1. Of 332, 365, which residue is among the hydrophobic types (A, V, I, L, M, F, W, C), surrounded by fewer than 24 Cβ atoms within 10 Å (Cβ to Cβ) and within 23 Å of residue 421 (Cβ to Cβ)?
2. Please give the number of the condition residue 263 fails out of (1) of a type outside the set (Phe, Trp, Tyr); (2) without any contact (Cβ under 8 Å) to a residue 40 or more places away in the chain; (3) out of contact with any helix residue (DSSP H, G or I) (no Cβ under 9 Å at 6 or more places or on another chain).
3. Could you tell me which of the residues 90, 125, 133 is within 13 Å of ligand 2 (Cβ to nearest atom) and modelled with pLDDT of 95 or more?
4. Look at residue 409 and say whether it is within 24 Å of the chain's Cα centre (by Cα), at pLDDT 95 or above, buried (at least 20 other Cβ atoms within 10 Å of the Cβ) and more than 16 Å from ligand 1 (Cβ to nearest atom).
5. Being more than 15 Å from ligand 1 (Cβ to nearest atom), part of a helix (DSSP H, G or I), touching a residue at least 24 places away in the same chain (Cβ under 8 Å) and more than 28 Å from residue 103 (Cβ to Cβ): is that true of residue 193 here?
6. Does residue 370 satisfy the condition of being of a type outside the set (Asp, Glu), within 13 Å of ligand 2 (Cβ to nearest atom) and over 26 Å from residue 82 (Cβ atoms)?
7. Among 376, 395, which is the only one that is buried (at least 21 other Cβ atoms within 10 Å of the Cβ) and away from ligand 2 (no atom under 12 Å from the Cβ)?
8. If residue 58 satisfies every condition in (1) under 27 Å from residue 279 (Cα atoms); (2) surrounded by 21 or more Cβ atoms within 10 Å (Cβ to Cβ); (3) away from ligand 1 (no atom under 12 Å from the Cβ); (4) modelled with pLDDT of 50 or more but one, which is the exception?
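The values are calculated or read from the model by the stated rules, or taken from the named source; none is laboratory data. Every value quoted in this text rests on a predicted model; they were computed, and no experiment measured them. Here the Cβ positions follow ideal geometry from the backbone for every residue, glycine too, while neighbour counts run over all protein chains shown.
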Amino acid sequence: MGKVRWGYRLAIAAGLSMGAVVAIAAPTCSSTASPFAKGATTCVTPAAAPAAGTLSPAAAVGNQMFHDTALSASGRQSCATCHSAATGFSAPNPAPVPLGGAGLNLQGLRNAPSLTYAAFTPGFSLTGTTTASAGQPARPNIPLGGMMHDGRLASLAVQATMPFITSFEMANTGSAQVTQRLKARPYLAQFTAVYGTAILNNPDATLAAMGQAIAAYETEDPAFHAFNSKFDAFMKGQTTLTAQETAGMQAFNNPGKGNCLACHASVGAGGLPALFTDHTFHVIGVPRNYGIAYNLDTTSLPSFVPENGIGLGAPNHNYYDMGLCGPLRTDLATSTQYCGSFKVPTLRNVAIKQAYFHNGVFNDLHQVLGFYATRNSQPGRWYKTPTGAPDILYNDLPVAYDRNVEPVNAPGHPIAPNLSPTDSDNIVSFLCTLTDGYDPQNPAAYRVPPQCRPAGPPPPPPPPPH
Ligand code: HEC
Ligand code: HEC
């Protein structure tokens, strides 16, 4: 499996309509099924993707826009501000949610996910299928795919237009203002070389083209899908895992222990290595995070945060982020069986993320594992009031939707909390092998963030370069 094939598949995955600029030959596929559909026929792909490090003209200008703070109302925020390469294109700080707006002082609503491997996300549908595991048969007709924690945006290209005009992010007033800013940028000629100059007369089309260019960058640049973690090197037989990493992998995959693979698929599909997500949606019941000001009932909510819990009465809160059923997503508002559902994120590069879950409630993978293992056996450890006292179970969901919390396939189920602290530590050490950038020739250079280091004295400094 070479980079070329992955590069090709990415171009399909993002659904880019840029045949003119991305010179990719037609696939030789024995099936028209999406490469993501379960059981899809594997494509035999001609070697026609751009060489690593070579971006198409659209992607090259997309790269510049991705990193350009001058396209924001504050003048101080770009895509890369919230999606930093240093943290797998997730937020480079431990804050639960980013700040944005013209004054960079408005809290957002959710944690910024890693953009690595996002190009492999299938389009949203309500007809996904869960992975069969732990004696549970696969379940049909469950929500799948789409961009954002709630899958509400159709593609990378559509997604990449939104932050520019979102009031609590880059905060332009609309496509006209974004186009105005673009016209003053040094790479304008590169942009018009791809999309023509006439497009600048149509701000909506200009913003859409900017989205396409940024999506091309996210799709073509190998940094977004390097598949070169320690785990990948292990799968290719280029390295071995430590005893602890191996034990962690086994617990991760064991339906009687972590059962993580039921959602964070650890086996590749459609000719791709494992993505550690099956792109489905589940209700994990993560604790309410009062680090997001809107989650405090004492906060007067700004116009972009609805009081969607205020009519429910105690012990419900004024505002809830319920994922698939809203409020950011609106088309499934009455499908209350989905309230609390969020998309399964990839676990690739998870160890270099700084905050976890859609509301950034945890900053350490050991906490995440502790929560999964003891959500129902020790709920007081996790569900807290703003003063730190034990709170009701599933306190970030209206009580009426508690029943939506994943009944099967999830560790921490009341019947069987089945991860010992050692299992949890082992799983963390396995997750630490999913960070990209492992060189089997130079393992000492691998990124081992503090949470990945075994407890005890700090390791000796790496040897000096020679
Ligand atoms: C102020 C911080 C911020 C900025 C600036 C920002 N993002 Fe994001 N990004 C987020 C957050 C938060 C989410 C999750 C939003 C949600 O689920 O509603 C997100 C989600 C995404 C996703 C969805 C990934 C997935 O797997 O579903 C993509 C892709 C993305 N951003 C790309 C971009 C691009 C491209 C830009 C620049 C045009 C950008 N972002 C600017 C914070 C930011
Ligand atoms: C039933 C499906 C399911 C199972 C089983 C499952 N997860 Fe998850 N996982 C999710 C969903 C859904 C989210 C996102 C939830 C949210 O943000 O509210 C998530 C989020 C995470 C995150 C946070 C990632 C990030 O970028 O913020 C980590 C880490 C994680 N899971 C690890 C694991 C591990 C380890 C296991 C096994 C012990 C596991 N998960 C089992 C569905 C599952």
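1. 365
2. Unmet for residue 263, out of (1) of a type outside the set (Phe, Trp, Tyr); (2) without any contact (Cβ under 8 Å) to a residue 40 or more places away in the chain; (3) out of contact with any helix residue (DSSP H, G or I) (no Cβ under 9 Å at 6 or more places or on another chain): (2).
3. Details: 125 fails: within 13 Å of ligand 2 (Cβ to nearest atom); 133 fails: modelled with pLDDT of 95 or more.
The match here is 90.
4. Numbers: within 24 Å of the chain's Cα centre (by Cα): yes; at pLDDT 95 or above: no; buried (at least 20 other Cβ atoms within 10 Å of the Cβ): yes; more than 16 Å from ligand 1 (Cβ to nearest atom): yes.
Judged against the criteria, residue 409 is not a match.
5. It is true that residue 193 is more than 15 Å from ligand 1 (Cβ to nearest atom), part of a helix (DSSP H, G or I), touching a residue at least 24 places away in the same chain (Cβ under 8 Å) and more than 28 Å from residue 103 (Cβ to Cβ).
6. yes
7. Answer to the check: 395.
8. (1)
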